[in-house]
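Okay, structure first, notes after.
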Amino acid sequence: MITQTNNINKRFIFTFFSNLIKSGLNFITGLILAKWLGPDDFGRMAFLLASFIAIKSLMDFASSSAFFTFISQKRRSSIFINYYWMWVFLQLILTLFVVLILLPEELLSTIWKNETKFIIFLALIASFLQNAVWNDVSQMAEASRKTIEIQTINVVLMLCNLIATLSLIYFGRLGLPAIFIVIIIEWTIASIFAFRLYETNSKAISQNNDSPDRFKNIFKLFFDYCKPFVLYVIVSFAYDFGDRWMLQNWAGSKEQAYYAISLQFSGILLIITTSILKIFWKEIAEANHNGDIKVVSSLYSNTIKLVFLAGCLISGFLVPWTYEIIDFFLGDEYLPAVVTLMIMFLYPVHQSIGQINGALLYATGNTRIHINCGIFFMILGIISTYIVLAPKNLIISGYNLGSVGLASKLVLIQIIAVNVVAWIISKKFKWKFEFVYQIKMLTTFLIIGFASKHLITLAFNASLTAILLYTLLYLIFTTSIFIYFLNFIGLDKSEYRIYIVKASKFIKSMLNL
């Protein structure tokens, strides 16, 4: 048991740090592409990839999630794996057929404005390899407990992608065709290596009627799993594709670029927040398994507050410096993205609550709540996107707000959605619904951030010295909050100390391998 625990700890630590490295490399590559391509071409690239990610999710119909679930349950036979990969490549063939052959030229031009079929073809293949094939082979490696090996390949892949991007710049070849071709080559090679990590069941394959390796039994297994998600997947596609298409069609590539780069910045914050959740995950799962609702209630409430606190801390620190961040990393061309990025820095704050809500609903078997609420708020989101993005000259006019409007919609809908789900959970489990702490925390740390910057910039211009002094002042103010005003922002001091002790023990156990 100790050996198994140490193995899990080792895999967790390796995954945590490799994810940090991978995310950092991917972030740097994204910034380089955004800067060297410029807003127009970067926006085109962002829309092409985002549109095909949405199409992939529609064609997939949650089968990739089913696949990971089934191969995690037990080691599957080679015929089981082969049937699934036949389905994966059937998705690719069908997508290519529909997009490049079946769609009329007028509709193709309407969806992917001014893009040639060659660029669309390259983007489709690149997106499919990056987000479908690579995702599946990574899951196969994880199912075989090859965590260290797959994470190593992942980090090397991101490093190669960065080097390839810099090479294209150096030789003056950076452009959308070259970028997509590099992605195709890199992810193909990496997927071949990752695929070989999965160890199939070596037992003789039976073809009896009740054999799990018969096609009809495999089909039924996937069908039963995916059936409840059909409507959810369709609405999800309309939501994801609709958001990016309306932004591209009505606001243009530049606004698409501003939104994409802001989403990339906020994604870094979301990774940090997500990693905090892992410390408390075991406690929540164990309490739920034991049927101790009071403990689940306490863990749920305090975990949400703590990850929300982490998000507020980071957002409060960064939001006041949005202009300087854009100016330093991307230059004048991206300065119109300042307001969009400022709004998107708030996105990870409530996303943490959404992650906890989803984890609790799945852990307790209440997936129907998650699906129904998801469908409702995605439909609301599609309508809201139209309102904020549509030009004023349409029959049903909108506000034509571009990336600022889409970012505002995303954050606002998320705040409403996560709190409605939290309220439903509180009614379901008969515990108190809390909301006021969100206003207190977020307002407090934003005020601290802006006040600290104002005090520093009275004496210093924006410089390294000013940023260091700002960081010090921000830490002094936030530490004072932790020491004296925890109750004010909604945290119980005694419970907070308990969680600090648990977190410390967890970290020590991670390091004591």
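Observations on the model:
- Within region 69-86, the set of residues being without any contact (Cβ under 8 Å) to a residue 12 or more places away in the chain and either open to solvent by less than 10 Å² (accessible area, probe 1.4 Å) or closer than 25 Å to LEU176 by Cα (or both) is empty.
- Scan of region 221-238 for residues that are under 17 Å from MET86 (Cβ atoms) and either touching a residue at least 24 places away in the same chain (Cβ under 8 Å) or more than 30 Å from the chain's Cα centre (by Cα) (or both), ordered by number: LEU221, PHE222, CYS226
- Neighbours by Cβ (under 7 Å, 6+ apart or cross-chain): first from region 448-472, on the phi < 0 side of the Ramachandran plot; second in a helix (DSSP H, G or I) and open to solvent by 70 Å² or more (accessible area, probe 1.4 Å): ILE448/PHE477; SER452/PHE477
- Close pairs (7 angstrom Cβ cut-off, 6 or more residues apart or separate chains): closer than 22 Å to ALA257 by Cβ in region 378-407, open to solvent by 70 Å² or more (accessible area, probe 1.4 Å) and not in a loop (DSSP other than H, G, I, E, B) anywhere: GLY398/ILE387; TYR399/ILE387; VAL404/VAL339
- Among the residues listed as ALA66, ALA123, the single one being among the small types (Gly, Ala, Ser) and surrounded by fewer than 21 Cβ atoms within 10 Å (Cβ to Cβ): ALA66
- Test: residue in region 2-10 that is assigned to a helix (DSSP H, G or I), modelled with pLDDT under 85, open to solvent by 50 Å² or more (accessible area, probe 1.4 Å) and charged (D, E, K, R): yes
- Residues satisfying the stated conditions in region 305-336, i.e. surrounded by fewer than 22 Cβ atoms within 10 Å (Cβ to Cβ) and of a type in the set (Val, Ile, Thr): ILE314, VAL319, THR322, ILE325
- Of the residues making up region 430-456, those that are part of a helix (DSSP H, G or I), surrounded by 15 or more Cβ atoms within 10 Å (Cβ to Cβ) and not basic (Lys, Arg) are TYR437, GLN438, MET441, LEU442, THR444, PHE445, LEU446, ILE448, GLY449, SER452, ILE456.
- Enumeration of residues in region 360-379 that are open to solvent by less than 30 Å² (accessible area, probe 1.4 Å), assigned to a helix (DSSP H, G or I) and not aromatic (Phe, Trp, Tyr): LEU360, LEU361, ILE371, CYS373, GLY374, ILE375, MET378
- Filtered residues of region 201-230 (kept if of a type in the set (A, V, I, L, M), modelled with pLDDT of 90 or more and surrounded by 12 or more Cβ atoms within 10 Å (Cβ to Cβ)): ILE218, LEU221
The values are calculated or read from the model by the stated rules, or taken from the named source; none is laboratory data. All figures in this text were calculated on a predicted structure; none of them were measured in a lab. Don't worry about glycine lacking a Cβ; one is built from the backbone with ideal geometry, like all the others, and counts go over all protein chains shown. For the accessible areas, the whole protein counts, side chains as well, though only heavy atoms, and no ligand, DNA or RNA atoms are used. Shrake-Rupley method; radii C 1.70, N 1.55, O 1.52, S 1.80 Å.
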